[in-house]
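Note sheet for the following structure.
The values are calculated or read from the model by the stated rules, or taken from the named source; none is laboratory data. Note that this is a predicted model, so its numbers are computed, not measured. No Cβ is skipped: glycine too gets one built from the backbone with ideal geometry, and neighbour counts run over all protein chains shown. Surface accessibility is based on the protein's heavy atoms, side chains included, excluding ligands, DNA and RNA. Shrake-Rupley method; radii C 1.70, N 1.55, O 1.52, S 1.80 Å.
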Amino acid sequence: GIICNLFSCIIPDTNAVRNIHKQHFEILVGLLNRCSRLMLANTVLSHEGKFGETTAILDRCILESAINVIWLCKRNTTESFERYLADGLKSDLELESKVVENINDRDGKVLVIEERMLKSINRCVSLSGLQKENIPEIQKFPNMASRLNDIGFDRLIYTVIQRMGSHHVHGTWSSLLFHYLEEVEGKLLPKDHPISTNVVQFIYIPLVIMDAMQNFINFITTDNIIAEP
């Protein structure tokens, strides 16, 4: 996690870094910083053998961000980065439309919270480098299965990362049985004792993060020899 943070702090205007689109570089360092911060958060949560149910949720978020780094670097196209940006901004614009509709229904009276929301949305759009009117027309961001297939990951990885990882995010029946309920005398009751992080999490997550960091260095440098493992 610390190394990932170090990589996210690389300055773009150095001799070893090639000329990269501003937003593309910012997306990648943002994703790496997200991975780093969530990994360090998991370290704090898990160091006393507690909060295993929470670290499992964060791991799903870490893996998705790492996969996005790998996919964007391997694809290396403006279209791919635009699809990533538009994926979140489309939801923002949908909210903006509803807020504006509510304001119009009040004959232009704007609530303080609405003003803040509109400013936040406009800021996100402005910093993306995309034109607001073009965002709805940008092709949909591919789902996780497609992204993993594009970067050469086995289908089993999709099942483990996405499908099984989603148990912890969405609180499915499997998740309840694993972390939140325990069987006592034939009854399922709330589980109340500390849950440790599974040791596998400390192995697989760093491996994917290392792959993401290597792809990032290969993507930004002028000489790929630097990024050899």
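Can you give the longest run of the chain that contains no trypsin sites (Lys or Arg not before Pro) sitting in a DSSP loop with at most 13 other Cβ atoms inside 10 Å? That would be 141-229.
Using only side-chain charges placed at the Cβ, +1 for Lys and Arg and -1 for Asp and Glu, the dipole size of region 1-128 relative to its Cα centre rounds to 360 debye. Shown for the chain: lysine pairs separated by 8 or more places, or found on different chains, whose C-alpha atoms are under 15 Å apart, numbering 7.
Using DSSP loop states and a limit of at most 12 other Cβ atoms within 10 Å to flag GluC sites (Glu not before Pro), what is the longest stretch of the chain containing no flagged site? Longest site-free region, per DSSP loop and neighbour criteria: 49-184. Each Lys and Arg Cβ is given +1 and each Asp and Glu Cβ -1; about its Cα centre, the chain then shows a dipole of about 180 debye.
Note on the chain: dipole from Cβ charges, positive end direction compared against PHE178, ILE157, PHE81; the farthest Cα belongs to PHE81. Here's the picture: charge each Lys and Arg Cβ at +1 and each Asp and Glu Cβ at -1 in region 27-171, and of GLY129, GLY49, SER91 the one pushed furthest to the positive end of that dipole is GLY49.
Using a/c under 1.5 as the rounded threshold, could you call region 1-139 rounded, prolate or oblate? The axes a ≥ b ≥ c are square roots of the C-alpha gyration tensor eigenvalues, and prolate needs a/b larger than b/c, oblate otherwise. Note, shape of region 1-139 comes out oblate. Across region 101-117, coupling constants 3J(HN,Hα) worked out from phi with the 6.51/-1.76/1.60 Karplus curve, θ = phi - 60°, read 4, 5, 5, 5, 5, 9, 6, x, 6, 9, 6, 4, 5, 5, 4, 5, 5 Hz, and Gly and Pro carry x.
Average accessible surface for the chain: 60 Å² per residue, computed with a 1.4 Å probe over protein heavy atoms with every protein chain in place.
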